[in-house]
Every structure is written in C-alpha cells, then in structure tokens.
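Notes to accompany the following structure.
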Amino acid sequence: MKRKLLLCCAIVVAVALAFAGLSPLTAQRGNAAGPMITVMNPAIENKMVDRIPLSPRLNTLDGKTLYLVDINWGGPDAAYSVFEEMKDWFAKNKPAVNVVIKRKAGMYTMDDPALWKEIAEKGNAALVGISG
C-alpha cells in the first residue's frame, strides 16, 4: 500500500514538472526554460531496521510495580495530575499493585538512561505518556 502511494506521488510530481516545463531530462541537460528545482525520491532505498519485539504481557499486575512516567511534555504539571488520579484509582481498586510516578529528566526529546535502568531493575511495567 505504501509503495503504491509513493509511486502515485512520484507520478504526480513528474506530471507537475512536465506541465511546468521542468522535466527531469531538460533539467539534467541544463535546457530548462525556467528555474531548476530538485525533486527528492520518496522511495525507501535501504531496508527497514530490525524490529525489537515487545516485552511479553504480564498475566496480572497484582504484586507488581507499575511505573507511570511523565515525559515532561507540556510543562512540569501537564501529566502529573492525571498520573496521581491513576495512582489513586489503583490504590482503591487494585491495592496489590505498587504504582510509582516518575518524571523523566530533561526535555521530552532527551534520553534518560538512569530512569530506564531504574524501571528495568525495579519495575515490572511502565506507562510512558503525556496528558494535555
């Protein structure tokens, strides 16, 4: 499906260039009547990266530690209130689940290896997200 979409896009661009008098052939020869433009090929040239499978699902959260991770998108208080509500819900409805709320260090685009290591060592599951 993606290949068909990419092919259609390439055809549309080629037709548009032809109507504008900027066919790739004339642009390569330097005979273009108008300004020369560069068109990028949207086709993927390389293989996709190998996918890492997801962790297996837990049968239950009872007796497990669940991390709720605020990624710091939208400011310091954007998701915390939602995560606190979720922690309260677990305390009332699933008291056997240990819920830990953490805020990722730095901006949402930055890595936080220390937090990921903590979750890997002490946690059984994590919900990473934002709220708006």
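The values are calculated or read from the model by the stated rules, or taken from the named source; none is laboratory data. Values in this document were obtained by computation on a predicted structure and should not be read as measured data. A quick note on method: Cβ atoms are made from the backbone with ideal geometry, for glycine too, and the neighbour counts reach across all protein chains shown.
Brief remarks follow.
- Filter pass, T38 being out of contact with any His (no Cβ under 7 Å at 6 or more places or on another chain), in the same structural domain as I11 (by TED's automatic domain parsing) and loosely packed, with under 10 Cβ neighbours inside 10 Å: yes
- One residue alone among P56, P24 is at pLDDT 70 or above and farther than 30 Å from M107 by Cβ, and that residue is P56.
- Test: residue in the range 99-115 that is surrounded by 11 or more Cβ atoms within 10 Å (Cβ to Cβ) and among the polar types (S, T, N, Q): no
- Within the range 43-82, the only residue that satisfies the criterion of being surrounded by 15 or more Cβ atoms within 10 Å (Cβ to Cβ), assigned to a loop (DSSP other than H, G, I, E, B) and among the charged types (D, E, K, R) is K64.
- Close pairs from the range 33-52: first modelled with pLDDT of 75 or more, partner in a loop (DSSP other than H, G, I, E, B), Cβ under 9 Å, at least 6 apart: M36/L22; M36/G30; I37/A20; I37/L22; V39/L22
- Test: residue in the range 101-121 that is among the small types (G, A, S), closer than 21 Å to L58 by Cβ and within 22 Å of the chain's Cα centre (by Cα): yes
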